[in-house]
Each structure stands twice: as structure tokens, then as C-alpha cells.
Amino acid sequence: MAAVHAGVDFKTMLRSGQFSDLTLVCEGKEFKIHKVVACPQSPVLSAAVSGEFKESQTGVVQIELFDSETVRRMVEYLYTGNYDPNQPPKPPTQNYTVGSIQDVTPAKSTSGPAPKTTSAALPVPVAAASTPDTLIHVRVNAIADYYGIQGLTLLANQKIQQAYQAKWDAKAFLTSAKEALDNTGDKKLHGMMALLAAQHLEELIASPQLADLVGDFAADILRYHAHKLEASKQEQLQIIRQEQVAAQTRQVEVQAQTQAAEAKTGRVIANIGRVVTMMCERQYCRNNACGEDFGCYIEQVGGTDEPSYVLRCSWCRCRH
Ligand SMILES: [Zn+2]
């Protein structure tokens, strides 16, 4: 049972198509919508149905620049503020269209007055199910850019960003970026695509599709630049490795010097210990000709680099 709402339930109006006063026709499908919902959001649609264009008399806008699934997503956004990239079209009912979409015969759709929106047609995707989400969002951005629906261009760009953050696919990116450059004038989307390309340049330059996006000349420049960056990176790595080897060599040298200094200090201390012990224990001079009471002193011999000490008799100066 439908809930009772105070005010207008736009979703129900969209589903039922009741009180529709504007029809979008695309690829043999009719989208029955309401001027009061669509026109405030799209200055282009508003101008088409308000001025002296044929659409203002017929209440029908033919759309040939975009595929019907992209139109469905735009209509869904106009009524709900969001769109589902993969919602399949719903079949028509007997009384009025479900989702306000109705199949019409090609004869009917082409027999009407020439629409304002007729111009060079874009390639229409054959199998929507196999279309990458990012390509779907780029097409939504393109239709939003065309009809001046600013909120929808921003929403499509958010969805593109989220899709690439969730899963990066270089091939899908190149296809989507190519379509973005060719079919939408949204500079924000172009800038976002350029940033994504720069962030994944190493992968992209390996793809022959890159030239389709930026041209052979620019692709060559990017590849040469990438090779230059790689060479510079290798050079930096080589310098870092050489510095590491030099640091290790210095460390070994310092360790050897420290060990030598410790050994020398140990020898000096041992020498002093022996002299002091001898001085304490010795009672007589070892020189038989020295008859005096034993007195002694310590004399430094050897250089200052590694001094050595000896014990000598104070009288005859013989070394003990
Ligand atoms: Zn003596």
C-alpha cells in the first residue's frame, strides 16, 4: 500500500507518469516527466519548453545525442537526486508507463517535428550490461553538461572518483577518458581524468590505447619522460647504494680503531699493575754490589703513544 504523503511525492509521479506535461523521446522510448520538476534543474530544458521552439508546443523533446539508458539515469536524478548506474529498464504496463518509460515505434518517434536537440549522434552502446561503470558515469556527466544540470555533473564525477578508488582498471580508464574528452565539456571531469592519468602513468604508457587518448606525439613525449624518470631513479638508487657501502666501510674502520685503542689501554694498565706489584714486593736490590737499603722509583720508557713503565733502584738505577 502506498503511504499517504502531505505534499507532492515526486517519485510516485515519476513512476506513474500521471500529470506529465513533458515527454523525452530517445531510442524509441518515452520518458514522461513534469516541467515543474525538470525545468528548475535544467536551464536548457526550461528554455526549450518555454520559448518559441517546437518543443514548447508539442511538449516532446527528442534526444538523439545520448542513449536511452543515460536519459533514464538523468530522469532518475531529476526526481530523486541520485541514479543507479545499472538499473535495467522496466517493461511498460497496460495503462501507463512504469518508470514513465514507454516504448514507441520508430515511425512515431521520427515522424515528429525536427527537434532542437538533433545533431551529430554519438555512438550508442550496444550492450549496456558490459559497459564499465566509469563509462556510464562519463555519459551521465555528458548529458548533465549538455542540459546544464550542475548537480548531476558533480554527482557523476563523484561516482567516477569512487569507482577508480575502489578498482583501478587502465583499459577502462582509457576508454572512459577518451569519451570524456570527446563528448563532455566539463572541465572538472577533464581535470580529474588528467590527474588520474598522471597518478597511473607507468601503467598507461605501456598501453597502445594511450595514443588514442592523447595522440602519437604526446604519447611519445610521455614515454620518453617516463624513461628519463626511470633512469634518474636508477641513478639515485646507485648513489644510495654507494653511500651505504662507504658508510659500512667507515663503520668497520671505526670498530678496528676502537678495538686497537682498547687493547693498548689494556696493555698500559697491565704494565702499571706489574710495576706497582713489584714495587710492593721487592725488598732488596738484585744488584749484589748495591748494599744500600732498597729504594726505588718508576720510570716511563717508550713513546707517549703507548707509554711503558719500569721499576729502578734509587741507588744503582738497575732495572727490576
Ligand atoms: Zn741497587
Seminar exercise, completed: Log entry, pairs with first residue in the stretch 19-34 being over 13 Å from residue 48 (Cβ atoms), second being polar (S, T, N, Q) and open to solvent by 50 Å² or more (accessible area, probe 1.4 Å), beta carbons closer than 6 Å, six or more apart or on different chains, reads 30/102
Problem set entry | Selection within the stretch 154-185 - in contact (Cβ under 8 Å) with a residue 40 or more places away in the chain and open to solvent by 20 Å² or more (accessible area, probe 1.4 Å) | 155, 159, 175, 179, 183, 185
Exercise. Can you pull out the residues in the stretch 281-299 that are aromatic (Phe, Trp, Tyr), modelled with pLDDT under 85 and more than 8 Å from the ligand (Cβ to nearest atom)?
Worked result: none
Problem set entry | Close pairs from the stretch 287-301: first in contact (Cβ under 8 Å) with a residue 12 or more places away in the chain and closer than 13 Å to residue 318 by Cα, partner more than 8 Å from the ligand (Cβ to nearest atom) and among the hydroxyl-bearing types (Ser, Thr, Tyr), Cβ under 9 Å, at least 6 apart | 290/284; 294/284; 298/309; 299/309
For this session: Hand me the list of strands (runs of 3 or more DSSP E) wholly inside the stretch 5-116 holding 1 or more residues that are at pLDDT 75 or above.
Result: 22-26, 29-33, 60-62
For this session: Output the number of residues of the stretch 300-320 satisfying the condition of being within 15 Å of the ligand (Cβ to nearest atom) and closer than 30 Å to residue 261 by Cα.
Result: 5
Problem set entry | Listing of helices (runs of 4 or more DSSP H) fully contained in the stretch 188-288 that carry 2 or more residues being open to solvent by 80 Å² or more (accessible area, probe 1.4 Å) | 201-204, 216-281
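The values are calculated or read from the model by the stated rules, or taken from the named source; none is laboratory data. Predicted model, so just to flag it, every value in this text is computed and none were measured. FYI the Cβ positions are ideal-geometry reconstructions off the backbone, even for glycines, and counts take in every protein chain you see. All accessible areas refer to the heavy atoms of the entire protein, side chains included, with ligands and DNA or RNA removed. Shrake-Rupley method; radii C 1.70, N 1.55, O 1.52, S 1.80 Å.
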